[in-house]
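Contents: one structure, followed by commentary.
Values in this text are rule-based calculations from the coordinates and carry no lab data. Owing to the predicted nature of the structure, the values given are computational and were not obtained by experimental measurement. Quick reminder, even Gly has a Cβ in these numbers, built from the backbone with ideal geometry, and neighbours come from all protein chains shown.
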Amino acid sequence: MIAAAYAPSWSPHHDRLSARNFTRLADFVYEQAGIKLPDAKKTMVEGRLRRRLQATGADTLDAYCEHLFSGKNVGLEARLLINAVTTNKTDFFREPAHFDFLVRTALPALAAKHVRTVRAWSAACSTGPEPYTLAMVLDDYARQHGGPDFGILATDIDTDVLATARAGIYPADLLHPVPPALHRAYVSLPRNPRRGEVRIVPRLRSAIGFARLNLMDNAYPVGEPMHLIFCRNVLIYFDKPTQRSVVARLLDCLAPEGYLFLGHSESIQGMDLPLVPVGSTIFQRRLP
């Protein structure tokens, strides 16, 4: 009992970042990923970085920073740091009005222009619900209307969430927003139903290519222009100059009269870009 009374009270959960190292980390994350980390996020950052202590052998958060910023480690650890601090909130059929617009307006308009293969990009796909929702909607539309074909690119800066997205395995309750007909068509039970998981069917998974892409890069190597770009609930983490730069680079990848979908709280107001609003946080690229 006496020994217990004099046991040290320190634990990893009481370890704190110095103000200097938090500033260094915040500047680094902003430079690498465009994400602003104000002082109010310090506790959140500390909690997430504790996952990296054991992996790196660091005893404290400040020691982790020394590991990160030593010349030989920054390249190796940078992606894992970004994985740790990014927020990956996502749902199937999130902001469903966007998918209604897709079926009622965008896809008929593309068909009227004789687009035979719709190219779509989920530009911050997280664990995959957005691109899989998009694939369900596009495939269901094609089955009912005899086309078009489609291909989807799904990218994210976080390699951990991309691994989850590629696997296409989710807790069953995460797919509750999927309409019953689409659930029957595109979702299968795993071999062990006791795990409470479901899996997107192989045919739909094969329609999506997953890749790492950093929206801070100077250009986005996505191939031919996209007819649909979903970049939702990402700009809110950027400051205004970064938002404009990202949207301008997205436009470089958007076909004339293609559609850009942003999150419900995001705006392009004041950006002076060739986009016209056609729905709630839906924009169409003007013809040159």
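What is the set of long-range amide H partners of V118 at a cut-off below 5 Å, with H atoms built 1.01 Å from backbone N?
The answer is D149, F150, G151.
To the nearest 20 debye, what charge dipole does the chain have about its Cα centre, counting +1 at the Cβ of each Lys and Arg and -1 at the Cβ of each Asp and Glu?
For this selection, approximately 520 debye.
Quick one: divide the alpha-carbon radius of gyration of region 96-285 by 2.2 N^0.38 Å and tell me what you get.
Here the Cα radius of gyration is 1.02 times the empirical estimate.
Residue farthest toward the positive end of the dipole of the chain, with Cβ of Lys/Arg at +1 and Asp/Glu at -1: which of M271, L68, V118?
Value: V118.
Any chance you could give the angle, 0 to 90 degrees and rounded to 10, that helix 74-85 forms with the longest Cα principal axis of the chain?
Approximately 70 degrees, to the nearest ten.
Taking amide hydrogens as modeled 1.01 Å from N in the peptide plane, which residues meet the under 5 Å criterion relative to G258, leaving out close sequence neighbours?
Amide H neighbours of G258: R285.
Quick one: putting +1 on the C-beta of Lys and Arg, -1 on the C-beta of Asp and Glu, what dipole do you get for region 107-156 around its Cα centre, in Debye to the nearest 20?
260 debye
Using the charge dipole of region 134-227 (Lys, Arg: +1 at Cβ; Asp, Glu: -1 at Cβ; taken about the Cα centre), state which of L153, N218, A163 has its Cα farthest towards the positive end.
A163
Hey, fewest Cβ within 10 Å first, where do V103, V276, V178 land in order?
So the residues, fewest neighbours to most, are V276, V103, V178.
Relative to the longest principal axis of the C-alpha atoms of the chain, give the angle of the C-alpha long axis of helix 42-56, reported between 0 and 90° and rounded to the nearest 10°.
80 degrees
For T56, T90, what ranking results if the residue with the fewest other Cβ atoms within 10 Å of its Cβ goes first?
Listing T56, T90 from fewest to most nearby Cβ atoms yields T56, T90.
By DSSP, what percent of the beta bridges with both residues in region 96-285 are antiparallel, rounded to the nearest 5?
DSSP beta bridges in region 96-285 are roughly 40 percent antiparallel.
Between the alpha-carbon centers of region 260-283 and region 165-227, tell me the distance in whole angstrom.
So the two Cα centres are separated by 26 Å.
How long is the gain from D62 to R286 if the chain were fully straight, where each residue apart is worth 0.36 nm and the alpha carbon distance is subtracted?
75.7 nm
Only helical DSSP H runs with n ≥ 4 go in: add -39500 (n - 2.57) per run for the chain, normalise by residue count and round the 222 nm mean residue ellipticity to 500 deg cm²/dmol.
It comes out at -12000 deg cm²/dmol, rounded to the nearest 500.
If you take the beta carbon distance between Y30 and R143 as r and set R0 to 35 Å, what does 1/(1 + (r/R0)^6) give as a FRET efficiency, to the nearest 0.05?
0.20
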